[in-house]
Amino acid sequence: MDLSNYFKIKNEIPSNVNILAVSKGFKSQEIKTIQNMGQNDFGESKFQEAFEKQLILKDFKQIKWHFIGRIQSNKIRKIVQNFKYIHSVDSFEKLQKISMISFEEKKNPSIMLQVKLSDDPTKGGFNPELLVTQWREIKQLKNITLKGLMTINPKELSSKENLNLFKKCRALSDSLQLPDCSMGMSGDWEEAIEAGSTWLRLGSIIFGDRG
Ligand SMILES: *Cc1c(COP(=O)(O)O)cnc(C)c1O
């Protein structure tokens, strides 16, 4: 595994920006290699795949697992039990369910709310205007720690279009007084940094191509 991109990006980004190593499609051995270099945050998008790696890596206590995939309602309990961060909460109903289950499980996951800033039909998320009107209600939910917003840009945008969408995400987070923005992937992390990302979700640029 060639970690030169990882170190290059790590050296280039401001100190308040975190790298989430997106290990979906990669094996626990590859996670161990990069964890050994001091990377402790790992993102997975499918519960079952993640859970198998979590079992193998259960003695690596420093690893913090982040769920970044589409959340199926019937998997919420397992996600709450096994992930410290959830980046992909895309509706108020799911957020309520996470809150209820976290209470029952005595957990308090860190939450990023996914926002839909473009009309890409393949991407879900909160409508930004609705999010603002629901904000009071959202803030009252127990056993969750609201950290920020998350967004996924459509593929094939120009650099400027990526930057503009990321700036919208940052502005919305700021208006809700949320510190974090989970935005930027292998193809658009530089624009995300410029717009004020605090969590880059990097897969292929670190681990190589997913088979
Ligand atoms: C796969 C994935 C990433 C990482 O994608 P790369 O292009 O490999 O960096 C980031 N965020 C989400 C939500 C993903 O599903």
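No lab work stands behind these numbers, since they all come straight from the coordinates. This is a predicted model, so every value here is computed, not measured. Heads up, the Cβs are rebuilt from the backbone with ideal geometry, glycines too, and the neighbour counts pull from every protein chain shown.
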Checklist entry - For the peptides 67-76, 141-150, 83-92, what is the packing order when you average, over each peptide's residues, the other Cβ atoms within 10 Å and list the highest mean first? => result 83-92, 141-150, 67-76
Item to check | Reach of Lys27 by Cα under 21 Å, taken over lysines that are not fewer than 8 positions away in the same chain | outcome: Lys46, Lys53, Lys58, Lys61, Lys64, Lys78, Lys84
Checklist entry - Nearest 20 debye, what's the magnitude of the dipole of the range 4-205 about its Cα centre given +1 on Lys and Arg Cβ and -1 on Asp and Glu Cβ? => result 740 debye
Checklist entry - Excluding same-chain residues fewer than 8 positions from Lys160, which aspartates and glutamates have a Cα within less than 15 Å of its Cα? => result Asp188, Glu190, Glu191, Glu194
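Summing +1 for each Lys or Arg and -1 for each Asp or Glu, what net charge is found among the other residues whose Cβ lies under 9 Å from the Cβ of Val22? List each step's numbers first, then the result.
Numbers: positive: Lys24, Arg201; negative: Glu44.
Here the charged neighbours net out to +1.
Subtracting the Cα-Cα distance from 0.36 nm times the residue separation, let me have the gained length for Asn74 to Phe103 in nm, one decimal.
Taking 0.36 nm per residue and subtracting the Cα distance, the gain is 8.8 nm.
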Checklist entry - Taking the Cα centre of each part, how many Å lie between the range 13-37 and the range 143-210? => result 17 Å
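Scan the range 169-211 for trypsin sites (Lys or Arg not before Pro) in coil per DSSP, keeping those whose Cβ has at most 11 other Cβ atoms within 10 Å, and list them by number. Each step should come with its number before you reach the end.
Values: sites: Arg170, Arg201, Arg210; in loops: Arg210.
Hits after loop and neighbour filter: Arg210.
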Next on the checklist: To check my understanding: the extent here is largest minus smallest coordinate of the Cα atoms along each principal axis. What are those three numbers for the chain, in Å, largest first?
Outcome noted: 46, 43, 31
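Test of understanding: ordering Arg136, Arg77 by Cβ neighbours within 10 Å, fewest first, what list do you get? Could you put the intermediate results ahead of the total?
Details: Arg136 8, Arg77 17.
Exposure proxy ranking, most exposed first: Arg136, Arg77.
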Checklist entry - Reachable lysines from Lys167, Cα under 25 Å, same-chain residues fewer than 8 places away excluded? => result Lys8, Lys10, Lys116, Lys123, Lys139, Lys147, Lys155
Next on the checklist: Looking at the chain as a GNM with Cα springs under 10 Å, which of Thr151, Thr198, Thr122 has the largest mean-square fluctuation?
Outcome noted: Thr122
